[in-house]
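Only the coordinates and a few stated rules stand behind these numbers; no lab work does. Keep in mind that what you see is a predicted model, and the values were worked out from it rather than measured. Here the Cβ positions follow ideal geometry from the backbone for every residue, glycine too, while neighbour counts run over all protein chains shown.
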Amino acid sequence: MIICVVDGQGGKIGSVIIARLKERLKEHVEIIALGTNSLATQNMMKARANKGASGENAMVTTLPKADMVIGTINILMANSMLGEFTPRMAQAVADSEAVKYILPVTQSNLVVIGAPGLSIPQMIDILVHEVEKGIERCVK
């Protein structure tokens, strides 16, 4: 099984994910650290990823081989991570047939609504409330 952990900037979230996976998973799982830059990859490698690579081409060529892809919601969004995550990287994640495990953590103007056990009407209520708060912030 190949698990790709994708992260950018300093790779801190990816590093924590890899360290925790290494504590819990058997040795026959290969964890590949894919960073948007060499610093992110280096930090994920320090967390004991089996392999690591940096940049757009590394992601485009490696993600099709993955069984699982792990990262924040930013890996689904072109130009996220302050522009580090390119459109080709986001497309590579989207095109990968791997199961994606996404953490709802972002620096972008994106609000993720929903929680376990909520009905659709309840989620819509929360959505409306968040939109209202967003409008209030813009007005101020």
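Below are the figures for this structure:
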read-out: Residue-wise HN-Hα coupling along segment 44-55, computed from phi with Karplus coefficients 6.51, -1.76, 1.60 (Hz; x: Gly, Pro); value: 5, 5, 4, 7, 5, 5, 5, 9, x, 8, 10, x
read-out: Net charge over other residues, Cβ less than 11 angstrom from the Cβ of Ala49 (K, R count +1; D, E count -1); value: +2
read-out: Mean Cβ count within 10 Å, highest first, over the residues of peptides 45-57, 1-13; value: 1-13, 45-57
read-out: Radius ratio Rg over Rh of segment 2-106, counting only Cα atoms, Kirkwood formula for Rh; value: 0.92
